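Enquirer: I am attaching a structure below and will ask some questions about it afterwards.
The values are calculated or read from the model by the stated rules, or taken from the named source; none is laboratory data. Note that the coordinates shown come from a computational prediction; the quantities given were computed from them, not determined experimentally. Virtual Cβ from ideal backbone geometry, glycine too; neighbours counted across all protein chains shown.
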Amino acid sequence: MITVFGFEGCPYCVKTKRYLESRGVEYNYRDIELSAEAAAECQRISGDLTVPVTTIDGVNYVLGFDKKKLDELIASA
Amino acid sequence: MKERIHKDVVIIGAGMAGLTAALYCGRMNLDTLVLENAIIGGQIANATDIENFPGLASVSGKDLISALQRQTESFGAVIDEFDEIERVTLKTSPKIVETQEKIYEADAVIIASGMNRRKIPLAEGRKFETRGVHYCELCDGHAYAGKIVAVMGGGNAAVDAANFLTKYAEKIYLIHRSELRADEVSQKRLFANKKITVMLQTEIKALRGDKRLEEIEIFDKVSGVTKVIAVDGIFVNIGVEPNTKLFSDELTLSASGRIVAGEDCRTEIAGVFAAGDVREKEIRQLTTAASDGTTAALLAEKYLSKLHG
């Protein structure tokens, strides 16, 4: 299952979620402003709090909105 | 093989100008597609508090654009924010807008591709991008809760960014190479906030750090003193550049890289209009972008009426 780390006011987080929805891809959404645990997990994965961070395994991730990389991630799911 | 699709109007860019044009085109029953390569709303999507849009005392860019998007879509215009434009051919009839997935044949094209923030002109800028160097306060400001940040620039966007970042950061340096150009209301807020230190006539000379930005070297042009200050991040607000790369082979661009078109938004190619910040003009405001979108849509409809007899 794909997980997106983001927060509500982040335009590229919203775009990433909309893209996954447009592709019919199910995902977990974790808000780093509402959950300290989600923020810590996001930071562990990417080393930073810049979002969106999209991941499947918590190791490989896509930072920001990158359609090509998201497509590769979706294909590997 | 890419699918070929005909449209009455293709609008390039979903900022204020593009969405307004789409709203008018939709209301005139034109088959309208809006293509956006980045964020719906463009630059304005990042604005935290808009206080100069008539009729709205205070509104966030996100709320204003969401309302406009809903209004636009309710009149039939379709917005695609995922299928990126690869190339355009404007001098043919129909005009061709080729995306990653499709080829659109459009009778009229409205270019409202807006602007991008100018990148920091320092070699280390790229190295630290998203690792301390940022171009979106709204997106990345939250990562600096309790930390020290700098804002580079002296216009409205920079001053508003510094004011916004006080929500998170413990200390903010606003650093600008000359005098502030921001409006009085924003400057008043800036100087009233104890978290912000304003450093004018000061140039940022270097960015330093190991894996991420740790400090910046600044030069005080008045005293001639160079010093280093520790910062966790820097938000760059040193102006914008027009998004005109796709059109530079076919349309005349001004010295600043904007599309040359009159107040009627008509370019040198019949059926091609330029609207909003991407058009060369003296005043670029949210209201003038809406005005351009309106003009371009109405004149595009006139053009199409003549074209179709």
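Enquirer: Anything in the stretch A:37-53 that is of a type in the set (A, V, I, L, M) and either within 11 Å of chain B (Cβ to nearest Cβ) or in contact with a helix residue (DSSP H, G or I) (Cβ under 8 Å, 6 or more places away or on another chain) (or both)? List them, or say none. Can you show your working first?
Expert: Just the residues of the stretch A:37-53 that are of a type in the set (A, V, I, L, M), to begin with: A:38-40, A:45, A:49, A:51, A:53.
Within the stretch A:37-53, A:A39, A:L49, A:V51, A:V53 meet the criteria.
Enquirer: May I pose another question? Given the criterion out of contact with any helix residue (DSSP H, G or I) (no Cβ under 6 Å at 6 or more places or on another chain), away from every other protein chain (no Cβ under 14 Å) and not in a strand (DSSP E or B), identify the matching residue among A:D57, A:D71.
Expert: Numbers: A:D71 fails: away from every other protein chain (no Cβ under 14 Å).
Residue meeting the stated conditions: A:D57.
Enquirer: Considering B:R126, B:R177, which residue is modelled with pLDDT under 95 and among the charged types (D, E, K, R)?
Expert: On the way: B:R177 fails: modelled with pLDDT under 95.
Of the residues listed, the single one that is modelled with pLDDT under 95 and among the charged types (D, E, K, R) is B:R126.
Enquirer: Here's another thing I want to ask about it. Conditions first: (1) within 13 Å of chain B (Cβ to nearest Cβ); (2) among the small types (G, A, S); (3) touching a residue at least 12 places away in the same chain (Cβ under 8 Å); (4) over 26 Å from B:S66 (Cα atoms). A:A77 passes all but one, so which condition is the exception?
Expert: For A:A77, the exception is condition (1).
Enquirer: Could you grab me the full set of residues in the stretch B:128-171 that are assigned to a strand (DSSP E or B) and closer than 14 Å to B:V231 by Cβ? Even if it seems obvious, please write down each step before you answer.
Expert: Pass one, the stretch B:128-171, residues assigned to a strand (DSSP E or B): B:129, B:133-134, B:148-152, B:171.
Listed by number, the residues that qualify are B:V133, B:H134, B:I148, B:V149, B:A150, B:V151, B:M152, B:K171.
Enquirer: Exactly one of these conditions fails for B:L174: (1) touching a residue at least 60 places away in the same chain (Cβ under 8 Å); (2) outside any loop (DSSP other than H, G, I, E, B); (3) hydrophobic (A, V, I, L, M, F, W, C). Give me its number.
Expert: For B:L174, the exception is condition (1).
Enquirer: If you go through the stretch B:96-127, how many residues are in contact (Cβ under 8 Å) with a residue 24 or more places away in the chain, assigned to a strand (DSSP E or B) and not basic (K, R)?
Expert: Counting residues in the stretch B:96-127 that are in contact (Cβ under 8 Å) with a residue 24 or more places away in the chain, assigned to a strand (DSSP E or B) and not basic (K, R) gives 14.
Enquirer: Just to be sure I understand, how many residues within the stretch B:213-248 are in the same structural domain as B:L180 (by TED's automatic domain parsing), of a type in the set (S, T, Y) and in contact (Cβ under 8 Å) with a residue 12 or more places away in the chain?
Expert: So the answer is 1.
Enquirer: Then there's this: Quick check: anything in the stretch A:28-47 under 10 Å from the mean Cα position of the chain (by Cα), assigned to a helix (DSSP H, G or I), crowded, with 21+ Cβ neighbours inside 10 Å and in contact (Cβ under 8 Å) with a residue 24 or more places away in the chain?
Expert: yes
Enquirer: Then there is this: Condition test on B:G257, is it farther than 28 Å from B:E51 by Cα, in the same structural domain as B:K95 (by TED's automatic domain parsing) and small (G, A, S)?
Expert: Details: farther than 28 Å from B:E51 by Cα: yes; in the same structural domain as B:K95 (by TED's automatic domain parsing): yes; small (G, A, S): yes.
Judged against the criteria, B:G257 is a match.
Enquirer: Follow-up question, since we're still on this one. Taking into account only those residues within the stretch B:46-65 that are in contact with a Ser or Thr (Cβ under 9 Å, 6 or more places away or on another chain) and aliphatic (A, V, I, L, M), which is nearest to the other protein chains (Cβ to nearest Cβ)? Let's see the steps before the verdict.
Expert: Step one: filter the stretch B:46-65 for residues in contact with a Ser or Thr (Cβ under 9 Å, 6 or more places away or on another chain), giving B:47-54, B:60-62.
Okay, now just the ones that are also aliphatic (A, V, I, L, M), so B:47, B:50.
Details: B:A47: 11, B:I50: 15 Å.
Result: B:A47.
Enquirer: Output the residue which, of all residues in the stretch B:147-173 that are of a type in the set (S, T, N, Q) and in contact with a Lys or Arg (Cβ under 6 Å, 6 or more places away or on another chain), is nearest to B:R118 (Cα to Cα).
Expert: Of the residues in the stretch B:147-173, the ones of a type in the set (S, T, N, Q) are B:156, B:163, B:166.
Right, trim to in contact with a Lys or Arg (Cβ under 6 Å, 6 or more places away or on another chain) and you get B:163, B:166.
Values: B:N163: 20, B:T166: 23 Å.
Going through the qualifying residues, I end up with B:N163.
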